[in-house]
Amino acid sequence: MLEIYPAIALNLVIFALLGWLYSLFANKVTHVDSMWSLFFLVAYLTGLCYLNEISNVQLATLVALVIWSLRLSIHLTIRNWAKVEDIRYQHIRANNEPFFKWKSSYIIFLFQALLALLIALPLVSISQQAISYDVFTKIGLALFAVGFLIELLADRQLQTFLKSNKTHAVLNTGLWRYSRHPNYFGECLIWWGFYIIAMPSSSIFILISPILMTILLVKISGADLMESTITERRPGYKAYVNSTSKFIPWPPKN
């Protein structure tokens, strides 16, 4: 399986640099969010290209990955279309001037490619290993399906809420009544699902993927980053924090 990694890494680097070249034209880097899920599709398809025959497990994983990656990429593209650069990237830009447009090639785009290469470990394993359609596959696909539906529903509820233009209101209905970040929780389930599919014929090393993704979603680029400024913009959010689970859906305290 290791022999496939140079080809996957090369394709991810090429994809990342294409995104960077577009940023020079667009004068913003927000579109890297739309690229994120597609990195994994590039990695998996690269692995499949080296096979003579695709198994049922590999095909099922491909279908799941295509559905997830395209849905998320399109969702983020529509959300960010014709808007100014996301505030996260504005801060990164300000902290890395002068010459950020050149530095962004590795600070933003190649860094994303490196993260994707690590998180894609289960997908690469599935693309190269003879995995039988067993109980692990069924559990993994079921976990993926649950995670995908949670993420999809949470994103739609948030989109509807934001369209109402309630500047200081807090979304605390639907899935958001039970978790402050149900979309991130759904994403987390998706990656644990991919790991379970790959687990029977892979080394313990691929456990890096769901653990790293969970840390990113909870502590680094996900929940904690999102909440670092939201209290200033939405005063009622502090009460929401006190009553609602941060990540794992759970009945509210009141």
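Rule-based calculations on the coordinates, nothing more; no lab input. Bear in mind the structure is a predicted one, so any value in this text is a computation, not a measurement. Every residue, glycine among them, receives a Cβ derived from its backbone with ideal geometry; neighbour counts consider all protein chains shown.
Using alpha carbons only, the radius of gyration of the stretch 191-249 set against its Kirkwood radius gives Rg/Rh = 1.17. Taking the square roots of five times each eigenvalue of the Cα gyration tensor of the stretch 30-84, the equivalent ellipsoid has semi-axes of 28, 11, 5 Å, listed largest first.
Calculated translational diffusion coefficient of the stretch 132-254 (20 °C, 1.002 mPa s; Stokes-Einstein with Kirkwood radius over alpha-carbon pairs) equals 138 µm²/s.
Summing +1 for each Lys or Arg and -1 for each Asp or Glu among the other residues whose beta-carbon sits under 12 angstrom from that of Phe144 gives -1.
Cross-link partners for Lys28 among the lysines, with Cα-Cα distance under 17 Å and sequence neighbours closer than 8 places in the same chain left out: Lys83, Lys101, Lys103. With springs only between Cα atoms under 10 Å, which of Lys28, Lys101, Lys163 fluctuates most in a Gaussian network model of the chain? Among Lys28, Lys101, Lys163, the largest GNM mean-square fluctuation belongs to Lys163. Relative to the Cα centre, the charge distribution of the stretch 1-90, modelled as +1 at Lys and Arg Cβ and -1 at Asp and Glu Cβ, gives a dipole magnitude of about 340 debye. Between Ala239 and Val146, the simple label model (points 7 Å from Cα in the Cβ direction) yields a spacing of 3.3 nm.
The charge dipole of the chain, taken about its Cα centre with unit charges on the Cβ atoms of Lys, Arg (+1), Asp and Glu (-1) only, comes to about 1040 debye.
Kindly provide log₁₀ I(q)/I(0) values, in the same order as q = 0.08 Å⁻¹, from the Debye equation applied to equal alpha-carbon scatterers of the chain. Taken in order of the listed q values, log10 I(q)/I(0) reads -0.34.
Stretching Phe99 away from Ala82 to a fully extended chain increases their span by 3.7 nm, per 0.36 nm per residue minus the current alpha-carbon distance.
Within the shell defined by Cβ-Cβ distances under 15 Å, the residues around Arg180 carry a net charge of +2, with Lys and Arg each +1 and Asp and Glu each -1. Between Val66 and Leu10, the modelled labels are 2.6 nm apart [label points 7 Å from Cα along Cα→Cβ].
Annotation for Tyr22 and Ser203: the two label points, set 7 Å from Cα along the Cα-Cβ direction, are 3.5 nm apart.
If only the Cβ of Lys and Arg carry +1 and only the Cβ of Asp and Glu carry -1, the dipole of the stretch 132-254 around its Cα centre is close to 540 debye.
Each Lys or Arg adds one and each Asp or Glu takes one away; over the other residues whose Cβ falls under 15 Å from the Cβ of Asn56, this sums to -1. Rounded to the nearest 500, the helix-only mean residue ellipticity at 222 nm of the chain stands at -21000 deg cm²/dmol, with each DSSP H run of n ≥ 4 adding -39,500 (n - 2.57).
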